[in-house]
Amino acid sequence: MDFRKIAAKSILNRCGIPGIDFVVNPYIGCRFACKYCYASFMGRFVGKTVADWGEYVYAKTNAPELLRAELPKKLKNKGVGKEIFFSSVTDPYQGMEAKYRLTRRCLEELIAFGFGGLVSILTKSDLVLRDIDLFKKLPRVSVGLTVTSTDDGVSRFFETYAPPSSRRITALAALHKEGIKTYAFIGPLLPHFVAQEDALDRLMAAIAQSGTRDIFVEHLNLSSYIRNRLMEEMKREERAVVEKFYSSQSKAYREELDVLVRRLLTKHDLRLILNQTIYHKEFQSRPDTTGRIDK
Ligand code: SF4
């Protein structure tokens, strides 16, 4: 495992994700090592390969100071009307955050600056609960947990070192109880859900029970670099399961899943934030949508 402390050159960066103005990524790499992670391409910037994803994390230890310096330069009117997203290519609450507190200290900088826009968070970790005190001090915040299954064995397989799904759903409930606006991110929608409607039913029921009403749903993105890594990791799995992953890239398959998603949304009284299931390749070309991709 390659852990390092590094000094970043910038931290408040413009973002290509529709609807999001800036991203803050306090770390390079992500120890959670999800097998489907689209951010695995990041290795190319630090001399690592896609296969190394999960095996290196670099903490940008100057992130809070950088943010303090960049906020007045990059935001007018205290950022009213803008959205800052934590994080697009790392998890802001992975294990290293317990020690380095970079996400927390960046949030403190936003509060000290008087940021007037929306802070949105997306994580797979219940460490996010540590910062409830700060969320309450921000004028607008939305905290999301990625949940892909209610089966902790499934989350352990695909999201190797992330806290299990059950803890994420418990975290959603705890945030909701504290009056924090929450959302759930079902992404990727695991391909086996077509054959196991009850698994998606259980997942949506658990989200609804947490008190969260808003959800993003995203289809699996199998760009070639993701596919190669995922299939290498799944080479010992049953052939039928692997084939499901390949077939998930067809339009017919996505439409079948979409029908299922809509039926279960209605059943559990959940709201699909973008009013569509995100499909990475089509979604990025839609200028009129808002949201985030990944995690
Ligand atoms: S999907 Fe998110 S949590 Fe998982 S490895 Fe990638 S950045 Fe980390």
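The values are calculated or read from the model by the stated rules, or taken from the named source; none is laboratory data. From a predicted model like this one, the values you see are computed outputs, not experimental measurements. Backbone-built Cβ (ideal geometry, glycine too); neighbour counts: all protein chains shown. Areas reflect the complete protein model, heavy atoms only, side chains present, ligands, DNA and RNA absent. Shrake-Rupley method; radii C 1.70, N 1.55, O 1.52, S 1.80 Å.
What to note about this one:
- Close pairs (7 angstrom Cβ cut-off, 6 or more residues apart or separate chains): open to solvent by less than 10 Å² (accessible area, probe 1.4 Å) in the range 29-47, more than 9 Å from the ligand (Cβ to nearest atom) and among the hydroxyl-bearing types (Ser, Thr, Tyr) anywhere: GLY29/TYR56; GLY29/TYR58; SER40/TYR225; GLY43/THR49
- Some residue of the range 62-81 being in a helix (DSSP H, G or I) and either within 16 Å of the ligand (Cβ to nearest atom) or in contact with a His (Cβ under 8 Å, 6 or more places away or on another chain) (or both): no
- The single condition among (1) at pLDDT 95 or above; (2) within 16 Å of the ligand (Cβ to nearest atom); (3) buried (at least 20 other Cβ atoms within 10 Å of the Cβ) that ALA98 does not meet is (3).
- Considering only residues in the range 158-183 that are within 13 Å of the ligand (Cβ to nearest atom) and in a helix (DSSP H, G or I), the one that is surrounded by the most Cβ atoms within 10 Å (Cβ to Cβ) turns out to be ARG168.
- Remark: pairs (first residue in the range 53-68, small (Gly, Ala, Ser); second residue in a strand (DSSP E or B) and surrounded by fewer than 20 Cβ atoms within 10 Å (Cβ to Cβ); Cβ separation under 8 Å; 6+ apart in sequence or on different chains) = ALA59/PHE3; ALA59/ARG4; ALA59/LYS5; ALA59/ILE6.
- Sole residue being at pLDDT below 95 and not in a strand (DSSP E or B), chosen from THR212, THR103, THR150: THR150
- Complete set of residues in the range 111-125 that are under 20 Å from VAL89 (Cα atoms) and either surrounded by fewer than 20 Cβ atoms within 10 Å (Cβ to Cβ) or more than 16 Å from the ligand (Cβ to nearest atom) (or both): LEU118, VAL119
- Of the residues making up the range 11-25, not a single one is open to solvent by less than 20 Å² (accessible area, probe 1.4 Å), part of a helix (DSSP H, G or I) and farther than 17 Å from TYR93 by Cβ.
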